[in-house]
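K.L.:
Let me give you the structure first, and then I'll get to my questions.
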Amino acid sequence: MTALEQSRQLVTEIPGPRSRELAGRRTENVARGVSSVMPVYCRRAGGGIVEDVDGNRLIDLGSGIAVTTIGNASPRVVDAVAAAVGEFTHTCFMVTPYEGYVAVCEHLNRLTPGNHPKRSALFNSGAEAVENAVKIARAHTGRQAVAAFDHAYHGRTNLTMALTAKSMPYKSGFGPFAPEVYRVPMSYPYRDGLTDPELAKNGALAAERAITVLDKQIGAANLAAVIIEPIQGEGGFIVPAPGFLPTLLAWCRDNGVVFIADEVQTGFARTGNMFACEDEGIEPDLIVTAKGIADGMPLAAVTGRADIMDAPHASGLGGTYGGNPVACAAALATIETLEMDGMLGRANEIWAIASERLNALAATDDRIGDVRGRGAMIAIELVRPGGSGAPDADLAKRVSTAAHAAGVIVLTCGTFGNILRLLPPLTISDDLLREGLDVLAGAFGES
C-alpha cells in the first residue's frame, strides 16, 4: 500500500456521494442505537490523517477515541499482525496457551507503576476488564460495595453502566443495574472553583469530601474497591486537583479497600507518562488498560498486586477470546513502538503546541471556560458568556460540526455535553496539528 499523504484535502463536500450511499445502506441494515460522530466512511488511515471513501483527507484529532495512539496501521503493528495471522488466529488461552499472552503480561507487569510483584489477565474490552477488576477486588476483600465518582465513565455493560455517571446516552432505559455501586464527589477544579476557589486548588480537601461519603454512606468495612480514572475521559477530561488521588489512595490503604485505576483512555503514553497515575506517583492496587494497548486490535487487561490478582479461584477469570494471539502480537509491537520511538516525549510536545494555541484562543473568547488536560489528551470546556460557567452543549455541537465540515475530526464529551476533546495520535506532525487547531479556531468564529 502506498503511503498516505499527510495533508488535509477536501475533494467533495462532507459527506461525499460515496459516504452518503453507504449511509443509506447503513440505515437499512445497522441498528439505530449504533451512532457515529462523523458522517464519512473510512477507506484508510495513518499518521495524522483519515482518508474517506470519497478521497477526502481529514486531520485526525480523535485517534478512534484514544486507540490509535501510535497512528493507524503503524508499521511494526502491521507486520506483527500479518505474521501472527499466518501462524494461527485462535486456540483459546484457556485451552492451549501461547507465548504472546504471557509476553504481554510480562510487559504490563514491568510497565505499570510499582516494583511489587504483579500478575496480569487479558480480556477483550475496557468494560470487560473493569468488570473483572471488580470481581478480583471482591474476591480479595470478601466485600461487595464498589465506589465510583461523579462524571465517571467505565463502559456499557450492566455493571459498568452502574459505575458510569452519565445517563444519556449510556444508561437511560437500560436498567435495572448491578447493585452495591455507590457514587462520590469528584475533584473538578474548574467547576469547584466557581463556588469554592480553595476546593479547586486543594486536592486533599476535595478528597476529604469524597472520603466523608465513603465513610458515612457506605462504610469502609463494606467497601471492596474504589475505582477512578486518573483523568476522567467521557466525563470531560477532568484532571483532579493535586493531592486528590494520593489522599484517596492513602485512605484505601488504611482501610483495606482496593484502589482501581481505570487507565483505559489515559494509558499507554497518552498523557506524557506511560500511565496517567504516574504523574503524582500513584501505585494502584489494580490498573485497567485497553484502547491504546494494541493500536486498534481488541485487547484489554487488568494488572495488579500479585496477592490481589491471585485471589479468584482457578478458572474464575477468563473468556473465549481474551488475549487473542493476533491482538497480543499487536500489543507487543505497540509497546515496542512506544518505547523505541520516543512517544512519551511526543505527547508533551503535542500538549505544548495545543495548550498554547487554545489558551490564546480562550483569551479572546469568553465562551471558553477552561482549557485542560495532559499530553495528547486535551479538553476545551464551553460555557455561556458572562462568567456563570453555565455549560453550552449547543456551542460544542456547532463548533464540532463546523470542524467536521472543514475536514478535522474532533470529539465532544462531558456530563453536560459541553466539552470538545482532542486526542491526536502521537504520530501527527506539528504542521498538521497546528493546521487542525487553526481550523478549530475558525470553527469558533463561525459559531
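The values are calculated or read from the model by the stated rules, or taken from the named source; none is laboratory data. Predicted model only: the values in this text are computed from it and were never measured. Cβ: placed from backbone, ideal geometry, glycine included. Neighbour counts: every protein chain shown.
K.L.:
Give the stretch 381-432 a look and list any residue that's of a type in the set (A, V, I, L, M), within 28 Å of Ala152 (Cβ to Cβ) and out of contact with any strand residue (DSSP E or B) (no Cβ under 7 Å at 6 or more places or on another chain), or say none. Give the derivation first.
P.N.:
Looking only at the stretch 381-432, we keep the residues that are of a type in the set (A, V, I, L, M), and these are 382-383, 390, 393, 395-396, 399, 402-403, 405-406, 408-411, 419-420, 422-423, 426, 428, 432.
Those left that are additionally within 28 Å of Ala152 (Cβ to Cβ): 382-383, 390, 393, 395-396, 399, 403, 409-411, 419-420, 422-423, 426.
Those that are of a type in the set (A, V, I, L, M), within 28 Å of Ala152 (Cβ to Cβ) and out of contact with any strand residue (DSSP E or B) (no Cβ under 7 Å at 6 or more places or on another chain): Ala393, Ala403, Leu426.
K.L.:
With the structure loaded, tell me whether Asp215 is more than 19 Å from Glu180 (Cβ to Cβ), over 16 Å from the mean Cα position of the chain (by Cα) and either in a helix (DSSP H, G or I) or of a type in the set (Phe, Trp, Tyr) (or both) or whether it fails that test. Please lay out each step first, then the result.
P.N.:
Details: more than 19 Å from Glu180 (Cβ to Cβ): no; over 16 Å from the mean Cα position of the chain (by Cα): yes; either in a helix (DSSP H, G or I) or of a type in the set (Phe, Trp, Tyr) (or both): yes.
Criteria not met by Asp215.
K.L.:
Which one is surrounded by the fewest Cβ atoms within 10 Å (Cβ to Cβ), of the residues in the stretch 378-391 that are under 15 Å from Thr412 (Cβ atoms) and touching a helix residue (DSSP H, G or I) at 6+ places or on another chain (Cβ under 7 Å)?
P.N.:
So the first thing to find is which residues in the stretch 378-391 are under 15 Å from Thr412 (Cβ atoms), and the list is 378-383, 391.
Still in the running and touching a helix residue (DSSP H, G or I) at 6+ places or on another chain (Cβ under 7 Å): 378, 380-382.
Details: Ile378: 23, Ile380: 28, Glu381: 25, Leu382: 27.
Ranking the qualifying residues of the stretch 378-391, first place goes to Ile378.
K.L.:
Only one of (1) in contact with a Phe, Trp or Tyr (Cβ under 6 Å, 6 or more places away or on another chain); (2) of a type in the set (A, V, I, L, M); (3) closer than 19 Å to Thr289 by Cα is not met by Ala379, so which one is it?
P.N.:
Here Ala379 clears every test but (3).
K.L.:
Report yes if Asn124 is more than 14 Å from Ala329 (Cβ to Cβ), at pLDDT 95 or above and surrounded by fewer than 23 Cβ atoms within 10 Å (Cβ to Cβ), otherwise no. Quick ask: steps written out before the conclusion?
P.N.:
Working: more than 14 Å from Ala329 (Cβ to Cβ): yes; at pLDDT 95 or above: yes; surrounded by fewer than 23 Cβ atoms within 10 Å (Cβ to Cβ): yes.
Against the criterion (more than 14 Å from Ala329 (Cβ to Cβ), at pLDDT 95 or above and surrounded by fewer than 23 Cβ atoms within 10 Å (Cβ to Cβ)), Asn124 qualifies.
K.L.:
Do you know which residues across the stretch 396-416 are in a helix (DSSP H, G or I) and surrounded by 19 or more Cβ atoms within 10 Å (Cβ to Cβ)?
P.N.:
Filtering the stretch 396-416 down to residues in a helix (DSSP H, G or I) leaves 396-405.
Passing the criteria: Ala396, Val399, Ser400, Ala402, Ala403, His404.
K.L.:
While we're on this one: Determine whether the stretch 310-332 contains at least one residue that is at pLDDT 95 or above, in a helix (DSSP H, G or I), touching a helix residue (DSSP H, G or I) at 6+ places or on another chain (Cβ under 6 Å) and not assigned by TED's automatic domain parsing to the domain that holds Asn115.
P.N.:
no
K.L.:
Are any residues in the stretch 348-389 over 20 Å from Asp438 (Cβ atoms) and either in a helix (DSSP H, G or I) or among the acidic types (Asp, Glu) (or both), and if so, which ones? Break it down into steps so the answer makes sense when it comes.
P.N.:
Step one: list which residues in the stretch 348-389 are over 20 Å from Asp438 (Cβ atoms), which gives 348, 366, 369-370, 372, 374-375, 377, 381, 383-389.
Within the stretch 348-389, Asn348, Asp366, Asp370, Glu381 qualify.
K.L.:
Within the stretch 218-277, restricting attention to residues that are in a loop (DSSP other than H, G, I, E, B) and of a type in the set (Asp, Glu), which residue is farthest from Leu344 (Cα to Cα)? I'd like the intermediate steps shown before the answer.
P.N.:
First, the residues of the stretch 218-277 that are in a loop (DSSP other than H, G, I, E, B): 219, 229-243, 256-257, 263-275.
The next check asks that each one be of a type in the set (Asp, Glu); those that pass are 229, 234, 263.
Numbers: Glu229: 19, Glu234: 23, Glu263: 16 Å.
Among those that are in a loop (DSSP other than H, G, I, E, B) and of a type in the set (Asp, Glu), it is Glu234.
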